[in-house]
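Below is one structure, written out as structure tokens; comments come after it.
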Amino acid sequence: MLTFLFQPTFPPSELDHYPALMRDLDAAIAHARKTVKDGPRIEALVGGAYALQWDQRDATLRDAARSASAAGLLILLIIALTLGRPRQIVMVFGSLVAGLVLAFGMTWAVIGTVNVITAFLLAILGGLGIDFGLYFAARYRGIAAQGVSRHEAVERAWQQTAVPAFMGAVTTAAVMLLLVFGRFRGFAELGAIATMGIVATWL
């Protein structure tokens with residue numbers, strides 16, 4: 001058995017270059033198998049902090065994608081059961097999706113990436129952000145059922161829900177903002193993304 005020790009120039013927490021390192025390693029192993037045709041079977045096992053971090057990151061992102069998909073379907077079901085009308089469902093869910101796209105676009109511009117903690121924020125922000133749209137749409141539906149015009153129903157629903165929704169968003173965003181000042185980078189990024197996400201979904 002031969003053991004090769006690699007010391008990459010990037011820390012284990014920054015894995016952007018890890019796939020290139022693995023491609024080079026696979027190419028070297030393939031070349032060895034091709035060159036030593038009659039030699040013993042070559043079996044390569046990769047371990048260490050870098051491989052562990054990559055496996056953890058890969059598993060976390062898969063779990064985050066599954067949780068975001070499940071959360072999206074659950075939120076859509078709740079909207080459908082609450083509002084019923086296809087047009088309102090599309091408007092409320094579409095507003096939430098637009099807010100999440102804006103939030104993670106801001107994340108990409110400010111932070112650049114997500115970590116193993118913040119990867120699950122898509123599902124969390126979806127659950128928090130849908131409240132704002134549901135408040136307004138449900139109140140509008142109740143007012144419109146009284147026989148008033150659409151314009152008046154929108155105006156009254158906005159007057160009744162704007163301030164509570166805004167205060168809820170401000171309160172949640174303020175609490176999340178406190179995490180930004182933490183020393184641990186994972187929590188600091190979580191606070192920044194959550195703050196931007198709450199503001200974006202409220203807008």
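Numbers for the structure displayed
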| read-out | value |
| --- | --- |
| Failed criterion for Gly147 (all others in (1) open to solvent by 40 Å² or more (accessible area, probe 1.4 Å); (2) assigned to a helix (DSSP H, G or I); (3) farther than 16 Å from Leu203 by Cβ hold) | (2) |
| Of residues in region 68-111 being hydroxyl-bearing (Ser, Thr, Tyr) and modelled with pLDDT of 85 or more, the one surrounded by the fewest Cβ atoms within 10 Å (Cβ to Cβ) | Ser69 |
| Residue in region 163-173 that is over 21 Å from Met196 (Cβ atoms), β-branched (Val, Ile, Thr), at pLDDT 85 or above and in a helix (DSSP H, G or I) present | yes |
| Residues being at pLDDT 70 or above and open to solvent by less than 100 Å² (accessible area, probe 1.4 Å) - total across region 16-46 | 16 |
| Selection count where residues are within 18 Å of the chain's Cα centre (by Cα), open to solvent by 40 Å² or more (accessible area, probe 1.4 Å) and among the hydrophobic types (A, V, I, L, M, F, W, C), scope region 170-202 | 7 |
| Single condition Gly129 does not satisfy, out of (1) open to solvent by 40 Å² or more (accessible area, probe 1.4 Å); (2) within 15 Å of Val199 (Cβ to Cβ); (3) at pLDDT below 85 | (1) |
| Failed criterion for Met167 (all others in (1) surrounded by fewer than 19 Cβ atoms within 10 Å (Cβ to Cβ); (2) under 28 Å from Leu52 (Cβ atoms); (3) aliphatic (A, V, I, L, M) hold) | (2) |
| Test: residue in region 38-56 that is assigned to a helix (DSSP H, G or I) and closer than 30 Å to Ala173 by Cβ | yes |
| Yes/no for Val154 being within 22 Å of Val97 (Cα to Cα) and either assigned to a helix (DSSP H, G or I) or among the polar types (S, T, N, Q) (or both) | yes |
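The values are calculated or read from the model by the stated rules, or taken from the named source; none is laboratory data. Since we're looking at a predicted model, the values are computed, not measured. Please note: Cβ atoms are built from the backbone with ideal geometry, for glycine as well, and neighbour counts cover all protein chains shown. Quick note on the areas: whole protein, heavy atoms, side chains included, nothing else; ligands and nucleic acids left out. Shrake-Rupley method; radii C 1.70, N 1.55, O 1.52, S 1.80 Å.
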